[in-house]
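What follows is a short report on a single structure.
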Amino acid sequence: MENKVPIVPVVSSLSGLTMPVIGMGTASYPPVDAGTLKSAIVEAIRAGYRHFDTAFIYGSEQPLGAAIAEALNIGLIKSRNELFITSKLWCTYAEPDLVIPAIKMSLENLQLEYLDLYLIHWPLKFSKEVSRLPVPKEEVSVIDIKSVWSAMEECQLLGLTKAIGVSNFSSRKLEEILSFAKIPPAVNQVEMNPLWQQKELNEYCKAKGIHVSAHSPLGSKGTLWGDNRIFDCHALKEIAEAKGKTIAQRWQICLRWVYEQGASVIAKSFNKKRMEENLEIFDWSLSVEELEKIRGLPQCKFNSIGTFIEPSAELEAQL
């Protein structure tokens, strides 16, 4: 079956890594059962998806691993090498001596020998397992990024992952990593959508050769931290109508906009029809006027760190 998803180069000093422009996200809130998630991933592979984004904290590594095994068994793919798998180091394991055990645990969950990309999930360290949200501020600290990054580099050198990167990192935290990294971050996965455009961060990453991958391209509708602002945005409705898209298809405008910023995008849907529609963004483009209209939209972050931890001005000042 022809792979419908284009690939884009990821800039990295030590690898010629490439990754599909669109990946399927596997986080869900409220959580879906493992069987439903596995079936959705198999359908996504059938539709042409080749990049799958997971994380230890999502609880989706085992269903993803089972879906990959089934896709191989029934011939949807010939080799695991056809897929690009991303997972993430959770904050509880953000200590140098826990990084390698954490990635090995993820690999065991996934039934894989290596990841394509391993990310530090947040620039935070939790002192113990999270039992409630928001996490009490006394249990949260900024990670010792130099020692943790060194352990991430070791993961790549050991062949446990082809590339390493970060998620939800500011340009300031990236600058800190670049000041000592032997292997620079290949990717920074951050929230990015028409209502949180991340222009300065995107420009910084491009200048430093760090590829931006966008999560929450639709504003995390249906989660604790998201809302309907993107779906209710009048300007996006107008652009969708002008493109002949239904109101329900206006998420395609968001995905196309992210793509036109030079970023890859993590799109999450377990609905077969919508998964297929998410791939239908490559045979049309946004006009200069439409891009200008989006550029002028009021900005508001959805996936705020304040959703996950108790407010702490001292902590946020360090991120």
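Summary of values
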| read-out | value |
| --- | --- |
| Accessible area in square angstrom per residue, the chain, 1.4 angstrom probe | 44 |
| Neighbour net charge for Ala263 - beta-carbon separation under 13 angstrom, K R +1, D E -1 | 0 |
| Most to least packed among 72-80, 246-254 [average Cβ atoms within 10 Å] | 246-254, 72-80 |
| Length released on extending from Thr18 to Gln249, taking residue separation times 0.36 nm less the Cα-Cα span | 80.3 nm |
| Gap separating the Cα centres of region 125-159 and region 247-300, nearest whole Å | 32 |
| Of all DSSP beta bridges in region 7-317, antiparallel share, percent nearest 5 | 20 |
| Potential lengthening between Gln318 and Glu260 on full extension [0.36 nm per residue; Cα-Cα distance subtracted] | 17.7 nm |
| Fraction of accessible area attributable to carbon and sulfur, the chain (%, probe 1.4 Å) | 51 |
| Ala235 paired with Glu292, simple spin-label distance in nm, labels 7 Å along Cα-to-beta-carbon | 1.2 |
| Relative contact order, percent, the chain [alpha-carbon distance under 8 Å, six or more residues apart] | 19 |
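The values are calculated or read from the model by the stated rules, or taken from the named source; none is laboratory data. Because the structure is predicted, anything quoted here is derived from the model rather than measured. Here Cβ is always computed from backbone atoms with ideal geometry, including for glycine, and neighbour counts include all displayed protein chains. Ligands, DNA and RNA are stripped out before the accessible areas are found, and what is left, the full protein with its side chains, is counted by its heavy atoms. Shrake-Rupley method; radii C 1.70, N 1.55, O 1.52, S 1.80 Å.
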